[in-house]
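Visitor: Pasting in a structure now, in structure tokens, and then I'll have a few things to ask.
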Amino acid sequence: MTQSVVVQVGQCGNQIGCCFWDLALREHAAVNQKGIYDEAISSFFRNVDTRVAGDGGSISRGKICSLKARAVLIDMEEGVVNEILQGPLRDVFDSKQLITDISGSGNNWAVGHKVFGRLYQEQILEKLRKSAEHCDCLQCFFVIHSMGGGTGSGLGTFLLKVLEDEFPEVYRFVTSVYPSSEDDVITSPYNSILAMKELNEHADCVLPIDNQSLFDIISKIDLVVNSRKLDTTVKPKSLVTSSVGALKKQHKKPFDAMNNIVANLLLNLTSSARFEGSLNMDLNEISMNLVPFPQLHYLVSSLTPLYTLADVNIPPRRLDQMFSDAFSKDYQLIRADPKHNLYLACALMVRGNVQISDLRRNIERLKPSLKFVSWNQEGWKTSLCSVPPVGHSHSLLALANNTCVKPTFMELKGRFMRLYKKKAHLHHYLQVEGMEESCFTEAVSSLSALIQEYNQLEATESVPVPDLPRLSVA
Amino acid sequence: MSIVTVQLGQCGNQIGFEVFDTLFSDSHSSQGLCSKRENEAYRASCKERFFSEEENGVPIARAVLVDMEPKVINQTLSKAARSGRWKYGQHAYFCQKQGSGNNWAYGYSVHGPKHKESILDLIQKEVEKCDSLSGFFIIMSMAGGTGSGIGAFVTQNLQDQYSNSLKMNQIIWPYRTGEVIVQNYNSILTLSHLYRSSDALLVHENDAVHKICAKLMKIRQISFSDMNQVLAHQLGSVFQPTYSAEGSPHYRRNPLGLALVSSPSCFLSTFLLWSMSIETIFLFFFTGDLMENLVPHPEFKMLSVRNIPQMSENSLAYSTFTWAGLLKHLRQMLISHAKMEEGIDWQVRPPLSGLPPLGKMPFNKELHFNTSIANLVILRGKDVQSADLDGFKDPALYTSWLKPVDAFNVWKTQRAFSKYEKSATLVSNSQFLVKPLDMIVGKAWNMFASKAYIHQYTKFGIEEEDFLDSFTLLEQVVASYCNL
């Protein structure tokens, strides 16, 4: 079994990360009732004897003693990390796996990337190496960050290059939270575009998340819950409000629920690698199947059921609804409509009491309504994991490599250009050592090239490429 | 004669378990409908082939389990141990921590060479336990990375090390869509490499097995375990002991003998070969064993299995069968491309014998009549001697360059298989797989033309030329089968 390390950077990254560890603990507690440290738990947690001083306390088998998250927490402010360290999850984090500063990046990518990058490179590398040493077979780094601010965006993408150089064999999966158009950080378009170039070049897979979409999903759930009309059918145990044994029973801030969605995305993404199933899907199969060309590694994700009642008997109609929902634009974690755009590839990762015949029936049913690129008409990858999410009988994570991500990138580029034409706030960036105007022009042309790749794929829809004649044999 | 099974990857290991479980249950069932003595001989023969015995008397499968990640192997070992009836050898498995990620190149070029010694050592230990080795049965899928990539690598190495032993690969042909996106690439790489190193490829298509589960077994929510049981049933009906010739007092010793190792010769020399007495050739290759001739030429190595009857236990209780009825259906399944008893096209007739067909089959024309190279029918159950097989001996069924007497064989036993009083299985080397193969090659070719996913393979040393070699070889195979 392999292990993964989560690197959470900046305020957003750490908040989502915190949710993730809470849910991950609960999931393993629900599956592993005997409290034995098994391979599934080992994928995200170390088992440590805290009585042993120093670093020698790792226990590879037997009873769970004290679980430590395979995580590196990085923030250039102290607030969020301190909150975590004083909260109920404090024992899960090893104090040696933190990097904080007090000055913050001031919503400036250049400060995060260039200043703190240089300043903390050695420290970051040391913590990463340490976390890697604790792994038996490290397969993947999950980087969680936001695109709009300074630390997550700047230092988070700096880190990607460090990972690539230091651990070229280990996958880099990045969960990137994109700013909404009403974002209150005025420089967020700059930060996002500068970060995009790094994602283009140094990530294996990017899972873009959009705050607005998460907010819309939460609002819809609230609406349904509050209207009380559907009182009997709305679950108290959705993935979002996921309550069972939760640390935070009530969600005061919408952010908690929103972060929960993202945390669930990561749990479901890794479930088939952690638990048993009749059709396993390891993490290295994700990029193998979903990334046809190295640059096109942005995967649009959707989670279902988000707010349907899941009961144990799974009447087929309701199970089929779960599959339909996964393709609806209301369930996507960025504002995108995969159904009306072009698929390059699609993965369906199913958990719980679902069999291969259910999967096949739904693929056959949904296929006619979806457009796939000519050379990948049957671009489906599937997995069946027998362990359902806590409180559910089944769930589905759909990952789409689809041209529907393009509008998000174009909109971002538009907002960037509006600022950049006026040279607004540019001096804040250019005064940082190592930042040149060329950083901006290169970043924007990197993004344009990406958009162009999507355009070319879309063009094949209207003007189909003729099939290359098959080889003829004598 | 014993067979060493090598089960690779998630698919190979799950199916391997079901196969051994089926073989064991059947040979220990009391429903054999034959004399006690007969039953004992059958059981002993099955055991010699597939199981060895430890001191405590629990049969040990003659198998080596290989996977690049531990979950499936752990599950398979403990399932066998829990059965309490048979188990896998304590040290007969090899696994690593990280799978091949659906990448044939990773399995073939990275994992394979790296673990070659360990895997071949395990296989050799298993071989040393056999008094006499008849060959290897290698179970793998061709869609993923481990079964397909390492499976091809291991088969190649077995060919080098045990060139005189038969190697038959059980290939799981992926669903047409929806398992692995790069399955067509992985498939063409697997097939082209196996074509060079294996003696016969026994193919099961997931789509066909799925249909059997739905239509014949009447299973509503079909799981992989259901599918694997159907598959294991089919394989069991081929591999369980039978008598080689009418009236022979001994069970056939080498079931893998259904695939003949033919020299890499061209058509001409094959004709010369066939003009000699078939027995002479077999005696030459496998002393004392009557060999069947399902693979008379290296261009034609793809075998399919059809069986009848296959039904749920509930329906079985209300059914009776006659040999004439079963064989009439089985023959029509053969000539009309049917994958199961239901939905047979009864309109299809063989071309009038004696008249040569008008020209060769156009390349993409719908294949109506299924022309065979060679067929083997295995009959098990009551009154088996009364079965009339003349329908399979019609020259019109076969390619013009083989006589039915050479192209058709039958194995029989009175011992009933599984819960079926009478059952018949067909192993056929015919045009059955031309269409699926042509489809896979076509889809892989389209993807290859766009260069999609190629970077994932070149990363591990499989270059565009390697793909082109595979395409060339398989286009040749498609053309050869089409032109029968």
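Visitor: Quick one: how many residues across the range B:423-446 are within 13 Å of chain A (Cβ to nearest Cβ) and surrounded by 21 or more Cβ atoms within 10 Å (Cβ to Cβ)?
Guide: Qualifying residue count for the region: 7.
Visitor: Starting from the range B:49-69, take each residue that is free of Cβ contacts under 8 Å to residues at least 12 places away in the same chain and list its partners that are open to solvent by 20 Å² or more (accessible area, probe 1.4 Å) and assigned to a helix (DSSP H, G or I), counting only C-beta distances under 9 angstrom and pairs at least six apart or across chains.
Guide: So the pair list comes out as B:53/B:47.
Conditions tested, residue by residue: (1) touching a Gly at 6+ places or on another chain (Cβ under 8 Å); (2) open to solvent by 30 Å² or more (accessible area, probe 1.4 Å); (3) within 14 Å of chain B (Cβ to nearest Cβ); (4) closer than 16 Å to residue A:341 by Cα.
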site: A:407; (1), (2), (3), (4): no, yes, no, yes
site: A:424; (1), (2), (3), (4): no, no, no, no
site: A:443; (1), (2), (3), (4): no, no, no, no
site: A:469; (1), (2), (3), (4): no, yes, yes, no
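Visitor: Continuing with this model, one more query. Which one is most open to solvent (accessible area, probe 1.4 Å) among residues in the range B:454-484 that are more than 30 Å from residue B:303 (Cβ to Cβ) and facing chain A (nearest Cβ under 8 Å)?
Guide: The extreme case among them is B:455.
Visitor: Just to verify a result, which residue in the range A:275-298, among those that are closer than 21 Å to residue A:456 by Cα and in contact with a strand residue (DSSP E or B) (Cβ under 8 Å, 6 or more places away or on another chain), is farthest from the other protein chains (Cβ to nearest Cβ)?
Guide: Going through the qualifying residues, I end up with A:298.
Visitor: Mind checking which residues of the range B:86-129 are within 23 Å of the chain's Cα centre (by Cα) and of a type in the set (S, T, N, Q)?
Guide: Once the filter is applied, which keeps residues that are within 23 Å of the chain's Cα centre (by Cα) and of a type in the set (S, T, N, Q), the range B:86-129 yields B:102, B:124.
Visitor: Further question: Taking residue A:38 and the conditions (1) touching a residue at least 60 places away in the same chain (Cβ under 8 Å); (2) closer than 23 Å to residue A:385 by Cα, which numbered condition does it fall short on, given that it satisfies the others?
Guide: (1)
Visitor: Would you point out the residue of the range A:445-467, among those that are open to solvent by less than 60 Å² (accessible area, probe 1.4 Å) and either over 28 Å from the mean Cα position of the chain (by Cα) or among the basic types (Lys, Arg) (or both), that is farthest from the other protein chains (Cβ to nearest Cβ)?
Guide: A:459
Visitor: Continuing with the same structure: Output the number of the condition that residue B:172 fails; it satisfies all remaining conditions of (1) in a strand (DSSP E or B); (2) more than 14 Å from chain A (Cβ to nearest Cβ).
Guide: So the condition that residue B:172 fails would be (2).
Visitor: Looking only at the range A:87-118, how many residues end up being farther than 19 Å from residue A:145 by Cα and not charged (D, E, K, R)?
Guide: 5
Visitor: While we're on this one: Run down B:327, B:303, B:294 and say which single residue is buried (at least 17 other Cβ atoms within 10 Å of the Cβ), at pLDDT 85 or above, part of a loop (DSSP other than H, G, I, E, B) and in contact with a helix residue (DSSP H, G or I) (Cβ under 9 Å, 6 or more places away or on another chain).
Guide: That would be B:294, the only listed residue that is buried (at least 17 other Cβ atoms within 10 Å of the Cβ), at pLDDT 85 or above, part of a loop (DSSP other than H, G, I, E, B) and in contact with a helix residue (DSSP H, G or I) (Cβ under 9 Å, 6 or more places away or on another chain).
Visitor: With the condition kept exactly as written, say whether any residue in the range A:398-413 is among the small types (Gly, Ala, Ser) and not assigned by the TED database to the domain that holds residue A:286.
Guide: no
Visitor: If I ask for residues that are more than 11 Å from chain B (Cβ to nearest Cβ) and within 22 Å of the chain's Cα centre (by Cα), which ones from the range A:365-390 would you list?
Guide: A:387, A:388, A:389, A:390
Results for (1) away from chain A (no Cβ under 14 Å); (2) at pLDDT below 95, shown as yes or no for each residue.
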{"position": "B:179", "(1), (2)": "no, yes"}
{"position": "B:194", "(1), (2)": "yes, no"}
{"position": "B:204", "(1), (2)": "yes, no"}
{"position": "B:211", "(1), (2)": "no, no"}
{"position": "B:227", "(1), (2)": "no, no"}
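Visitor: Quick test for you: out of B:235, B:133, pick the one residue that is in contact with a Ser or Thr (Cβ under 8 Å, 6 or more places away or on another chain) and farther than 30 Å from residue B:442 by Cα.
Guide: Of the residues listed, the single one that is in contact with a Ser or Thr (Cβ under 8 Å, 6 or more places away or on another chain) and farther than 30 Å from residue B:442 by Cα is B:133.
Visitor: Limited to the range B:128-158, what total is found for residues that are of a type in the set (S, T, N, Q), at pLDDT below 95 and touching a helix residue (DSSP H, G or I) at 6+ places or on another chain (Cβ under 7 Å)?
Guide: Number of matching residues: 1.
Visitor: Conditions first: (1) outside any helix (DSSP H, G or I); (2) surrounded by fewer than 24 Cβ atoms within 10 Å (Cβ to Cβ). Residue B:48 passes all but one, so which condition is the exception?
Guide: So the condition that residue B:48 fails would be (1).
Visitor: Let me ask something else about it. Which of the following residues is assigned to a loop (DSSP other than H, G, I, E, B) and buried (at least 24 other Cβ atoms within 10 Å of the Cβ): B:143, B:152?
Guide: Only one candidate passes the filter, namely B:143.
Visitor: Here's another thing I want to ask about it. Of everything in the range A:269-288, what is in contact with a Leu (Cβ under 8 Å, 6 or more places away or on another chain) and modelled with pLDDT of 95 or more? Give them in sequence order.
Guide: Result: A:269, A:270, A:286.
Visitor: Could I ask something else about it? If you scan the range A:320-361, which residues turn out to be within 25 Å of the chain's Cα centre (by Cα), over 21 Å from residue A:296 (Cα atoms), at the interface with another protein chain (Cβ under 10 Å from one of its Cβ atoms) and crowded, with 21+ Cβ neighbours inside 10 Å?
Guide: Selection gives A:354, A:359.
The values are calculated or read from the model by the stated rules, or taken from the named source; none is laboratory data. Quick caveat, the model's predicted, so the values are computed rather than measured. Backbone-built Cβ (ideal geometry, glycine too); neighbour counts: all protein chains shown. Only protein heavy atoms, including side chains, enter the accessible area calculation; ligands, DNA and RNA are left aside. Shrake-Rupley method; radii C 1.70, N 1.55, O 1.52, S 1.80 Å.
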